[in-house]
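The values are calculated or read from the model by the stated rules, or taken from the named source; none is laboratory data. Predicted model, so just to flag it, every value in this text is computed and none were measured. Cβ placement follows ideal geometry from the backbone for every residue including glycine, while neighbour counts extend to all protein chains displayed.
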Amino acid sequence: MPFGYSDYLIEQGKSTETIDSYVKEINYFFAFLDFKYKTKKELYEITPKDINDYLEKKKADGSKQVTINKHITIIKNFFNFLWVVNKIPSDPSVKIKRLKEIEKSGQKLVYESLLKVMPEVLKSPNYSPFRKVVFILAMQGLRTSEFRILKENITERKNEVLIKTKKREIALKSEFIDYFMEYYNKEAIFNCSNYLFVTKKHNNDIVPVEGMTIYTHLRAISDDFNIPKLVLNDIRHAYAYYLYKDHKYSIEEIANKFGIEENSAALLVDASLSRIEGKVS
């Protein structure tokens, strides 16, 4: 990326995935300007109207509000960088405001809605095996720390794959085995780490998967399927509610399912009821 932007993002500690998405977005922005003016604009010539025109084009192309806000975040980050390193005399994005995200009525995260989109998520040709497996395990109510799974804690059997986390053991069955093994054999086995999931930094350092990496993949699914923003903690509560209300799990059974103490399970259920129904058990 010209102007040293990639190096700046590396210094900020951004992951390879994040840097790639930021650089791609800025390249799209400059391609838009080139098409609009039939020539290359100098950095100091770019105006707030140019940015707003680009965002309007994205809206016209069908980008959702959350996606527009992502464009704004990246563009503002880029121009702030240019201003900091004295590439421009003033920042044309400084007055560009993020759109206010208003949660629609009834947009609470419901586990059944995730079950409905799961077949489409898993069959999507646009999704990597990594994203699909992250979604499968997120549906089990995992926290970020529980995604730091050692490869040695994976056991493949005839009709299931056992995954041992810090808190519990998860058994994948049926078609989930195929998705997991595709990820394991095509990606995980080559990541030069003892961990099943990793984040690759732009300086090529490999570290246990970071929360932002998981969030990025879940957010992409949220945007593509027009469902409430997916966050691990929200999925965890939705899953607890689903087990307690729809499948009549006892507190003891939920504790075993999540690998937590019964008092923690009771608190989890109460919080889930409060989130979804506005009351406690």
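If you take just the helices (runs of 4 or more DSSP H) that sit entirely in region 8-90, which of them hold at least 1 residues that are closer than 23 Å to Phe225 by Cβ and within 19 Å of the chain's Cα centre (by Cα)? So that I can check it myself, show each step before the final result.
Details: elements: 16-37, 48-60, 65-84.
Of the helices (runs of 4 or more DSSP H) lying wholly inside region 8-90, those with at least 1 residues that are closer than 23 Å to Phe225 by Cβ and within 19 Å of the chain's Cα centre (by Cα) span 16-37, 65-84.
Has region 182-192 got at least one residue that is assigned to a helix (DSSP H, G or I) and touching an Asp or Glu at 6+ places or on another chain (Cβ under 9 Å)?
yes
Being assigned by TED's automatic domain parsing to the domain that holds Asn126, under 18 Å from the mean Cα position of the chain (by Cα) and more than 30 Å from Lys158 (Cβ to Cβ), is that true of even one residue in region 232-249?
no
Within region 141-161, which residues are farther than 13 Å from Ile214 by Cβ and either in contact with a helix residue (DSSP H, G or I) (Cβ under 8 Å, 6 or more places away or on another chain) or part of a loop (DSSP other than H, G, I, E, B) (or both)?
Passing the criteria: Gly141, Lys151, Ile154, Glu156, Arg157, Lys158, Asn159, Glu160, Val161.
Is it the case that some residue within region 5-27 is in contact (Cβ under 8 Å) with a residue 40 or more places away in the chain, touching a helix residue (DSSP H, G or I) at 6+ places or on another chain (Cβ under 6 Å) and farther than 24 Å from Asn203 by Cα?
Taking every residue of region 5-27 in turn, none turns out to be in contact (Cβ under 8 Å) with a residue 40 or more places away in the chain, touching a helix residue (DSSP H, G or I) at 6+ places or on another chain (Cβ under 6 Å) and farther than 24 Å from Asn203 by Cα.
Inside region 162-177, can you point out the residues that are surrounded by 13 or more Cβ atoms within 10 Å (Cβ to Cβ) and either of a type in the set (S, T, N, Q) or part of a helix (DSSP H, G or I) (or both)?
Within region 162-177, Thr165, Phe176, Ile177 qualify.
Just for region 206-218: of the residues that are touching a residue at least 24 places away in the same chain (Cβ under 8 Å), part of a helix (DSSP H, G or I) and out of contact with any Phe, Trp or Tyr (no Cβ under 9 Å at 6 or more places or on another chain), which one is farthest from Tyr195 (Cα to Cα)?
Thr216
From (1) at pLDDT below 90; (2) among the polar types (S, T, N, Q); (3) touching a helix residue (DSSP H, G or I) at 6+ places or on another chain (Cβ under 7 Å), pick out the condition that doesn't hold for Asn204.
Asn204 satisfies all of (1) at pLDDT below 90; (2) among the polar types (S, T, N, Q); (3) touching a helix residue (DSSP H, G or I) at 6+ places or on another chain (Cβ under 7 Å) except (3).
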